[in-house]
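The values are calculated or read from the model by the stated rules, or taken from the named source; none is laboratory data. For clarity, every value in this text was computed on a predicted model and none was experimentally measured. Here the Cβ positions follow ideal geometry from the backbone for every residue, glycine too, while neighbour counts run over all protein chains shown. Remember, those area values only see protein heavy atoms, side chains included, never the ligands or the DNA or RNA. Shrake-Rupley method; radii C 1.70, N 1.55, O 1.52, S 1.80 Å.
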Amino acid sequence: MKSLKILIMMFLSAVSVLATGAFAQDTATESPSDFTFVQLSDIHWGFNNPKINPDYAGTLQKAVDAVNKLDPQPDFVVVTGDLTHRATTPEERIKRMTTVRTILSGLKVKDIRYNPGEHDADSDNGEAFKEFFGSGYYSFDHKGEHIIVLNTTEEEASLGDAQLQWLQGDLSKLDQDNAKIVVFTHRPLFDLYPKWGWSTKDGQKAIDMLMPFKHVTVFYGHIHQLNEHMTGHIAHYAAAPLMFALPAPGSQPKSTPVPWDPAHPYKNIGFRSVLVKADTGECVVTEHSLADTLGN
């Protein structure tokens, strides 16, 4: 692991460090006001099957260009996991993370927040991810909203006791009636389809902690498709992927990637922008398909 950290530091010295959520926590108190953010998810940089995505080397840059055309520009961008496709060597993992960060540095908005997916973290317990992007879980406040980023890759697809204890402490500082909370994760906190790994083993514990709060919305990735689900009054929104789509839960024996449709390129690939209303905490979601932004 020591040699891995040395390799990472060599790459970091060659690439300027971006301001990320883990490194640039908000400390100033801001007056509540409406704002927008963008969620990117499941970039899977390093995936290279042209039958699934013939533009595997260009899709991320197209997404960056599309985000840069948004008006108004978002206050920040959150990437909800699987920035990279699972690598077989530490050197390849570092190379992929370096490339992703370099491409994302082309975003006009420089406040970029990250949390890991299993492809980023499983091979080395998240060590490379932490060196590049910081802690997998943290919180910050922005214009009256409390933002929580959770790491669902701890202890084999779970949050883990340490993170749950941290979450309890973080939430204990908030007013249950008035706090407005947005949560980002990679895996769904609820049991969407555990047979395919579309769940978080102890995610219900986090939901139980969030349930007393009146204004909570959760955004996640991992399942490579749009999906809306309610646990009580808490809405959970899955994001479109930026590399390949996956089938609907339980629609086939395995969750294999959906083949590319030449007649409708990029139709299942995209990102979302979200308007957060200061007075109610309501999240108004807009989905952006790359097919639409590219005129396909």
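Worth pointing out:
- Accessible area (Å², 1.4 Å probe, nearest 10) - Trp196: 30
- At an R0 of 41 angstrom, the distance between the Cβ atoms of Asp279 and Asn48 translates into a FRET efficiency of 0.30.
- In Å², nearest 10: area of Asp261 left accessible to a 1.4 Å probe: 50
- Prolate/oblate/rounded label for the chain (Cα gyration tensor, a/c 1.5): rounded
- Peptides 214-220, 227-233, 264-270 ranked from most to least packed give 214-220, 264-270, 227-233, packing being the mean of other C-beta atoms within 10 angstrom over each peptide's residues.
- Stretch gain in nm, segment Gln165-Met211, where the contour uses 0.36 nm per residue and the Cα spacing is subtracted: 15.0 nm
- Beta bridge orientation in the chain: antiparallel %, DSSP, nearest 5: 50
- Highest-first arrangement of 243-256, 53-66, where packing means the average Cβ count within 10 Å: 53-66, 243-256
- Shape call, the stretch 177-296: gyration tensor on alpha carbons, a/c limit 1.5: oblate
- Each label was represented as a point 7 Å from its Cα along the Cα-to-Cβ direction; for Thr89 and His233 these points are 5.4 nm apart.
- Cα gyration tensor shape for the stretch 52-188, rounded if a/c is under 1.5, else prolate or oblate: oblate
- Taking 20 Å as the limit for the C-alpha separation, the pairs Lys143/Lys180; Lys130/Lys195; Lys130/Lys254; Lys130/Lys173 exceed it in the case of Lys130/Lys195; Lys130/Lys254; Lys130/Lys173.
- Cleavage-rule hits (trypsin sites (Lys or Arg not before Pro)) in the stretch 139-189: DSSP loop, at most 14 neighbouring Cβ within 10 angstrom: Lys173
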